[in-house]
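All remarks here apply to the structure that follows.
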Amino acid sequence: SQPLEAAAEVKPETAKRVKIGIYFATWWALNVVFNIYNKKVLNAYPYPWLTSTLSLACGSLMMLISWATRIAEAPKTDFEFWKTLFPVAVAHTIGHVAATVSMSKVAVSFTHIIKSGEPAFSVLVSRLLLGETFPPAVYLSLVPIIGGCALAAVTELNFNMTGFMGAMISNLAFVFRNIFSKKGMKGKSVSGMNYYACLSMLSLLILTPFAIAVEGPQLWAAGWEKALSEIGPQFVWWVAAQSIFYHLYNQVSYMSLDQISPLTFSIGNTMKRISVIVSSIIIFHTPVQPINALGAAIAILGTFLYSQAKA
Ligand code: 3PG
């Protein structure tokens, strides 16, 4: 009976792998579509504070409709839940708007190369602010991550300081978001999907007044007319696509976070960036020099070494 038992043990394990594989593939595909439409919109309509707000608004609306029509069951939350969610939402808002501002100034590929340096921020924040220590191999893996990102940045043909700083701020904010949300999701009965829904809603409330203060309805309206006249009616669909796909890829990523460890999650996130970098370079004909590509490759290799060292 031994081979039979072994087969029975293998099956759930294989099924789980297949399920996670499907989550990952969906997450990356949705993210690639988001990044392409987001950049198409930003090229014609350079108002990243508004497009970030619209992404959150669209996701919030989609989830409110799903709850009202019972497509998804609404979560039972209390004041304590929203209080713990608040710092996560602040970090999510900053990370999101900073990444979008970055992508409005530089190539999508450049933003994501810098964003592949996120593990380095995670180690530095954990070490300097939380006093956590790591094995030497983890610190060593930061050398190719930081070195590769630096090489890619200095050889970037269309370098822009706001674009660079936006991606760096996004890295820092998302490290805090991950630290806070790990605490927030622990022992809670709210599913990954609903957790992300609540996060979008709270972030929308936080972001809206800032978006109005920084850009505001006057600029938005004038820019909208211009984009519509230049692109035509399909511009509206681009805005809709970037907003819907932003919500969907984040929702799937939070659903997979329910199933996997944060470490597997960050490996999945880095592999996601490779597909975004490659597809955006092809679609937007982004010029890349060999030395620039080498920097990106070193940074991504560093991220894999980091995940090995952490495991
Ligand atoms: C955003 O707009 O929030 C960023 O593009 C998201 O970055 P991520 O790839 O880390 O989700």
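The values are calculated or read from the model by the stated rules, or taken from the named source; none is laboratory data. This one's a predicted model, so the numbers in the text were calculated from it and none came from an experiment. All Cβ positions, even for glycine, are placed from backbone atoms using ideal geometry, and neighbour counts span all protein chains on display.
Taking G117 as the residue in question, decide whether it is within 20 Å of S266 (Cβ to Cβ) and small (G, A, S).
On the way: within 20 Å of S266 (Cβ to Cβ): yes; small (G, A, S): yes.
Considered against the rule, which asks whether it is within 20 Å of S266 (Cβ to Cβ) and small (G, A, S), G117 comes out as yes.
Hey, does the range 220-233 have a residue that's surrounded by fewer than 17 Cβ atoms within 10 Å (Cβ to Cβ), of a type in the set (S, T, Y) and more than 18 Å from the chain's Cα centre (by Cα)?
Looking for residues that are surrounded by fewer than 17 Cβ atoms within 10 Å (Cβ to Cβ), of a type in the set (S, T, Y) and more than 18 Å from the chain's Cα centre (by Cα), one finds at least one in the range 220-233, hence yes.
Taking S52 as the residue in question, decide whether it is within 23 Å of T270 (Cα to Cα), among the small types (G, A, S) and out of contact with any helix residue (DSSP H, G or I) (no Cβ under 7 Å at 6 or more places or on another chain).
Details: within 23 Å of T270 (Cα to Cα): yes; among the small types (G, A, S): yes; out of contact with any helix residue (DSSP H, G or I) (no Cβ under 7 Å at 6 or more places or on another chain): no.
Here the answer is no, as S52 does not meet what is asked.
Is it the case that A89 is over 27 Å from S275 (Cβ atoms), within 14 Å of the ligand (Cβ to nearest atom) and not polar (S, T, N, Q)? Steps first, please.
Values: over 27 Å from S275 (Cβ atoms): yes; within 14 Å of the ligand (Cβ to nearest atom): yes; not polar (S, T, N, Q): yes.
When the stated conditions are applied, A89 passes them.
Which is within 16 Å of the ligand (Cβ to nearest atom), free of Cβ contacts under 8 Å to residues at least 24 places away in the same chain and in a helix (DSSP H, G or I), of F245, F265? Please lay out each step first, then the result.
Numbers: F245 fails: free of Cβ contacts under 8 Å to residues at least 24 places away in the same chain.
Of the residues listed, the single one that is within 16 Å of the ligand (Cβ to nearest atom), free of Cβ contacts under 8 Å to residues at least 24 places away in the same chain and in a helix (DSSP H, G or I) is F265.
State which residue is surrounded by the most Cβ atoms within 10 Å (Cβ to Cβ) when the search covers only the range 206-219 and only residues that are part of a helix (DSSP H, G or I) and touching a residue at least 60 places away in the same chain (Cβ under 8 Å).
Filtering the range 206-219 down to residues part of a helix (DSSP H, G or I) leaves 206-214, 217-219.
Keeping just the survivors that are touching a residue at least 60 places away in the same chain (Cβ under 8 Å) gives 206-208, 210-211, 214, 219.
On the way: I206: 16, L207: 25, T208: 15, F210: 15, A211: 22, V214: 15, L219: 14.
Selected residue: L207.
Within the range 27-53, track down each residue that is aliphatic (A, V, I, L, M), more than 16 Å from A98 (Cα to Cα) and surrounded by fewer than 22 Cβ atoms within 10 Å (Cβ to Cβ).
Narrowing the range 27-53 to residues aliphatic (A, V, I, L, M): 29-30, 32-33, 36, 41-42, 44, 50.
With more than 16 Å from A98 (Cα to Cα) added as a condition, the list becomes 29-30, 32-33, 36, 41, 44.
Within the range 27-53, A29, L30, V32, V33, I36, A44 qualify.
Can you tell me which of T51, T69, T84, T93 is of a type outside the set (G, A, S) and modelled with pLDDT under 95? First the steps, then the outcome.
On the way: T51 fails: modelled with pLDDT under 95; T69 fails: modelled with pLDDT under 95; T93 fails: modelled with pLDDT under 95.
None of the others qualify; the one that does is T84.
Just to check your reading of the model, which residue among L219, L294, L305 is of a type outside the set (G, A, S), at pLDDT below 95 and away from the ligand (no atom under 15 Å from the Cβ)?
L305
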